[in-house]
Each structure stands twice: as C-alpha cells, then as structure tokens.
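Got a structure here, written out as structure tokens. Questions coming.
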Amino acid sequence: MECPHLGSSVCIAPASARFPQGSPSSWCCSVCRSNKSPWVCLTCSSVHCGRYVNGHAKKHYEDAQIPLTNHKKTEKQEKVQHTVCMDCSSYSTYCYRCDDFVVNDTKLGLVQKVREHLQNLENSAFAADRHRKRKLLENSSLNSKLLKVNGSTTALCATGLRNLGNTCFMNAILQSLSNIQQFCCYFKELPAVELRNGKTAGRRTYHTRSQGDNNVSLVEEFRKTLCALWQGSQTAFSPESLFYVVWKIMPNFRGYQQQDAHEFMRYLLDHLHLELQGGFNGVSRSVILQENSGLSGSNKCCINGASTVVTAIFGGILQNEVNCLICGTESRKFDPFLDLSLDIPSQFRNKRTKNQENGPMCTLRDCLRSFTDLEELDETELYMCHKCKKKQKSTKKFWIQKLPKVLCLHLKRFHWTEYLRNKVDTYVEFPLRDLDMKCYLLEPENSGPESCLYDLAAVVVHHGSGVGSGHYTAYATHEGRWFHFNDSTVTLTDEETVVKAKAYILFYVDRQAKYGSDKL
C-alpha cells in the first residue's frame with residue numbers, strides 16, 4: 001500500500017546512522033537480544049524483534065506514541081514518529097499506523113537508500129564469512145566444496161531463498177525448477193531486459209506499485225532469480241522483486257498467508273508461457289526458443305497457442321477415452337498437460353510411514369495405475385452421448401499419447417470434506433531412477449527402449465497437517481549430489497533420506513533428454 005507516514009517517520013540517513021555490527025539478518029533485538037526476525041526502526045535506527053518473537057518492534061512504536069506528561073512537546077517531537085520499520089532479512093517495509101506493508105518511498109528515496117545499505121552490509125558479511133570458510137576448508141581434509149557447520153553438512157556452492165513471510169511454497173518450487181537443467185539454462189541464457197531507465201538506470205530494481213504495469217516482467221525476474229542460484233556468491237538470495245511481480249499478475253497469491261505449492265507452480269508456468277508467447281519489448285521469446293533449441297515441431301506440445309520452453313519441457317498429451325455403457329459409442333479427445341495430478345488410492349490412506357508393516361506399501365506405480373485404469377463414472381458425472389442424445393452411464397480411461405521431457409507428478413494429498421480440507425499423510429514409495437512409463441502409453445510399440453525411462457530431479461515436500469499451514473521444503477539433485485532446500489538453509493543430503501520423504505510433487509527428467517545432445 002501507499003503509506004502517507006513516510007515523510008514524518010523515515011529520518012535516518014544510511015551514511016550517518018549507527019547500525020549494529022555484522023550482517024543485518026542476524027542483528028539482535030536491543031531489548032531481549034534475540035536474533036530472530038530483526039526489524040530496524042527507520043526513525044532512530046534501533047533494532048527490535050518482530051511480533052512473532054517477543055514483539056519489541058511493535059512495543060517500540062507504541063511507547064513512542066505515549067504523550068509526554070512532564071514537558072510540552074516541541075514541534076520536532078510532534079512531527080517525528082517511530083511508525084515505520086524495515087525487515088532486516090527481506091528488506092520489506094512496514095508501517096504500524098497503516099498496519100500494512102509499504103511499497104512507496106519518500107521524495108528523497110530514503111527507504112531505498114536504507115534497503116541498499118542493509119543489503120551491502122549483508123553481502124559484505126556473507127563475503128567475509130565465505131572467505132573464512134574457504135580458508136578453513138583449504139586447511140582441512142574435507143571435500144573441496146563442503147564444510148561441516150554445527151554438525152550439518154553445508155554446500156558452499158548452493159544458494160538458499162529467504163522466506164519473505166510464509167513464502168516457503170514459492171521457494172520450494174523455485175529451487176526445484178532451478179535444478180531442471182534444460183529449463184533453467186534456457187532462462188539463464190536469455191538476454192537481460194532493462195526495466196528502468198533515465199537517472200535510475202544501472203541500479204538494482206526494487207519494484208513498487210507506483211512504477212506501473214509496463215515495468216513488470218515475470219520472465220525477467222524469474223531469470224534473475226535463477227541466475228542468483230548456484231553461482232556461489234551468497235548463502236541466501238531474497239526473491240523480493242519476483243514476489244512483487246507475482247503479487248502484481250497473480251492476485252491469488254497477494255499477502256503473506258501460506259499457499260499451495262502445486263497451485264503456485266501451475267500459475268507460474270502458465271504465466272511464464274503466456275509472457276513468452278507474447279514476447280517482451282517487441283522481441284518474441286518464442287522466436288528465441290526456435291532459434292536456440294534443438295527441439296523439432298513434433299516434440300512441442302502447444303497449450304494456449306504457440307509453443308514455448310514451458311510446453312517444450314513440461315508439455316505432454318493425454319488421450320481421454322469415454323465409452324457409453326448403453327450403446328457402446330466411443331468418444332476420444334486429446335488434452336495437453338503440464339503435470340499429472342494423481343490420487344492416492346483409498347486402500348493406502350492409513351499407511352503413514354515407510355516402515356509401517358500393516359498392509360502393503362503404496363507406490364508411485366499404484367497411483368499411476370489408479371489414474372490410467374478404466375473407471376466407471378458415477379451418477380454425478382453422466383456422459384452426454386451424442387448417439388443416445390442424452391446423459392448416460394459411461395466408462396473413462398486415460399492414455400498418455402505423448403510423454404514430456406520433464407514429467408511432473410502431483411500427489412493429491414489435500415481433500416475437501418464437508419467443512420474443511422484434510423491432508424492424506426500416506427507415505428508413497430517412489431523410485432530415484434528408472435521410472436518406466438511405457439505401459440501407460442497409447443502406442444508403446446512406437447517408443448524406443450529408453451525413451452520412456454525417467455530419473456528423479458526434484459521433490460517438493462509438505463510438512464504439517466493442512467494446506468493453509470505447515471511448511472514446504474524441496475530435495476533436488478545437482479551435479480550428482482542431493483541437496484535439501486529449506487528456505488535460506490541448504491544442506492547436503494543422501495538418497496536414503498530423499499526416498500523417505502512424503503512427496504507432494506515429483507519432477508522426473510526423461511533420461512534421453514537428460515543425456516542427449518539436444519540442449520536448450
């Protein structure tokens with residue numbers, strides 16, 4: 001929102017303000033000394049903890065509003081208020097009087113100057129810490145890319161994503177997509193698009209709503225985010241600019257409440273696809289795809305018009321076959337897809353862990369078989385038979401007419417009951433490699449011996465009991481090693497840990513596309 005209180009509350013100048021030592025994200029509250037969720041007052045530069053720790057930042061604001069009883073307020077005291085503060089981790093700005101996050105700035109751009117100053121302090125601290133770790137590493141016998149910190153193995157080359165306020169759903173999807181090499185490389189190799197000009201050219205873009213819709217590009221911010229990951233220059237990156245664009249073009253995801261990771265992934269891919277189709281600044285990104293990729297027209301799946309890298313990588317085609325049980329009329333249609341949503345069969349829904357011995361283990365193949373098996377539609381899904389000229393009982397069966405290069409499988413863990421949405425917490429066993437999809441093809445005889453084999457690239461996991469709560473993390477493989485991505489924390493893990501995860505979204509890469517020579 002546009003805050004009217006910045007002029008009277010933002011008084012500090014970064015050059016003269018007395019900030020604490022160290023990285024801003026680890027600054028301690030001046031009252032309780034907690035380093036969780038530090039916020040800096042933009043009136044006096046004091047640091048306090050957020051409302052979900054001990055709430056001293058809010059108390060600092062409230063104490064400043066108490067009228068002076070013994071002395072008459074001066075004009076300056078009357079004007080200055082401690083109402084606006086900045087998150088030292090995400091650099092987002094909040095006004096207590098408006099009780100909302102702030103997107104505008106002062107006439108002198110003081111909020112932006114403080115934000116850039118804090119980020120410079122953070123980057124300097126990260127650089128110093130990274131230099132120290134590398135020095136320690138050179139003198140140790142550990143692997144050249146790993147360091148043991150507080151009992152956990154941390155990857156120096158991996159970059160986490162800061163949580164901007166219940167944005168773990170977005171972070172888990174971004175980390176998963178960043179480890180799908182063909183998809184990620186395409187965006188990283190796109191030419192940069194300059195969104196700002198004139199006197200602000202060359203400065204880092206921090207979007208505000210006052211900039212207008214013409215300066216918003218999801219493709220560009222997605223490209224910047226992917227470029228920031230795996231470059232090894234920082235331990236955590238703040239996807240604030242990308243999140244602003246998400247707010248701008250996807251109203252469903254505005255605010256800081258928990259969201260569904262699968263729903264976000266679909267919105268993200270759909271909007272990337274649409275923007276790539278339309279081009280940006282007069283340059284069609286679909287043309288870039290055709291010029292830079294080795295994909296032939298037969299390998300492209302068109303969803304909503306011309307093909308893009310989204311449909312070239314994730315696009316597949318389903319054949320939906322419906323048979324009338326009265327007259328035997330068969331109806332077929334082909335539907336493009338970017339992912340498959342699979343039910344967990346009801347007979348497995350009480351099996352919670354991998355080691356539970358009661359009954360058979362639910363496997364990913366069980367879920368795929370349930371999706372493609374012949375199904376009789378119930379009374380609420382009667383088929384309109386054109387021969388009988390009325391709705392009739394029928395059977396339905398799915399076949400996969402074309403497999404995608406990256407097969408995205410969504411396990412439907414959330415189901416609506418009469419009043420609320422419950423989670424199916426069943427453990428589903430899934431393979432790390434050699435997932436064979438040949439038996440689900442419409443014409444398996446036309447596929448090669450290894451054209452239907454898939455290897456796992458990433459897994460998104462939901463921890464907790466409900467879709468509107470809990471926490472999302474991701475596992476992904478990078479250069480032969482598995483990593484666990486938990487917002488800003490990235491740790492090296494192993495295959496045994498990955499296979500025990502209760503998967504929510506699985507990303508499988510076609511082995512031929514993975515090792516083939518046709519790269520995007």
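The values are calculated or read from the model by the stated rules, or taken from the named source; none is laboratory data. As the structure is a prediction and not an experimental result, all values here were calculated from the model. As a convention, Cβ positions derive from the backbone with ideal geometry for all residues, glycine included, and neighbour counts pool all protein chains shown. These accessible areas exclude ligands, DNA and RNA; they are computed on the full protein's heavy atoms, side chains included. Shrake-Rupley method; radii C 1.70, N 1.55, O 1.52, S 1.80 Å.
Residues that are closer than 30 Å to residue 497 by Cα, at pLDDT 65 or above and open to solvent by 40 Å² or more (accessible area, probe 1.4 Å): find the strands (runs of 3 or more DSSP E) completely inside region 53-165 holding 1 or more of those. Step through it out loud before you land on a result.
Values: elements: 84-87, 93-95, 100-102, 146-149, 152-155.
Those strands (runs of 3 or more DSSP E) do not exist here; none qualify.
Find all pairs meeting these conditions: Cβ atoms under 8 angstrom apart; at least six residues apart or on different chains; first residue within region 25-48 and without any contact (Cβ under 8 Å) to a residue 12 or more places away in the chain; second residue among the hydrophobic types (A, V, I, L, M, F, W, C) and open to solvent by 20 Å² or more (accessible area, probe 1.4 Å).
Between residues of region 25-48 that are without any contact (Cβ under 8 Å) to a residue 12 or more places away in the chain and residues that are among the hydrophobic types (A, V, I, L, M, F, W, C) and open to solvent by 20 Å² or more (accessible area, probe 1.4 Å), the close pairs are 35/28.
May I ask you to list pairs of residues, at least six apart or on different chains, whose Cβ atoms are under 6 Å apart, with the first in region 254-276 being more than 18 Å from residue 240 (Cβ to Cβ) and the second being open to solvent by 10 Å² or more (accessible area, probe 1.4 Å) and modelled with pLDDT of 95 or more?
So the pair list comes out as 262/410.
Do we have any residue at all in region 281-303 that's at pLDDT 50 or above, open to solvent by 20 Å² or more (accessible area, probe 1.4 Å), assigned to a strand (DSSP E or B) and among the aliphatic types (A, V, I, L, M)?
Scanning region 281-303 turns up no residue that is at pLDDT 50 or above, open to solvent by 20 Å² or more (accessible area, probe 1.4 Å), assigned to a strand (DSSP E or B) and among the aliphatic types (A, V, I, L, M).
Restricting to region 239-280, name every residue that is under 24 Å from residue 103 (Cβ atoms), part of a helix (DSSP H, G or I) and either touching a strand residue (DSSP E or B) at 6+ places or on another chain (Cβ under 7 Å) or among the aliphatic types (A, V, I, L, M) (or both). Lay out the reasoning, then the answer.
We begin by selecting, within region 239-280, every residue under 24 Å from residue 103 (Cβ atoms); these are 239-259, 264, 267-268, 271-272, 275, 280.
Filter once more, so that each one left must be part of a helix (DSSP H, G or I): 240-249, 251-253, 264, 267-268, 271-272, 275.
Passing the criteria: 242, 245, 246, 249, 268, 272.
Using the structure shown, decide if residue 436 is modelled with pLDDT of 90 or more and charged (D, E, K, R).
Numbers: modelled with pLDDT of 90 or more: yes; charged (D, E, K, R): yes.
Judged against the criteria, residue 436 is a match.
Of all residues in region 223-241, which are without any contact (Cβ under 8 Å) to a residue 40 or more places away in the chain and aliphatic (A, V, I, L, M)?
Scanning region 223-241 gives no hits.
Condition (residue is under 23 Å from residue 262 (Cα atoms), at pLDDT 95 or above, over 18 Å from the mean Cα position of the chain (by Cα) and buried (at least 17 other Cβ atoms within 10 Å of the Cβ)) applied to region 457-480: is it met by at least one residue?
no
Does at least one position in region 173-189 carry a residue that is more than 24 Å from the chain's Cα centre (by Cα) and either at pLDDT 65 or above or open to solvent by 10 Å² or more (accessible area, probe 1.4 Å) (or both)?
no
Which condition does residue 421 not pass, out of (1) over 30 Å from residue 488 (Cβ atoms); (2) open to solvent by 30 Å² or more (accessible area, probe 1.4 Å); (3) modelled with pLDDT under 85, if it passes all the others?
(1)
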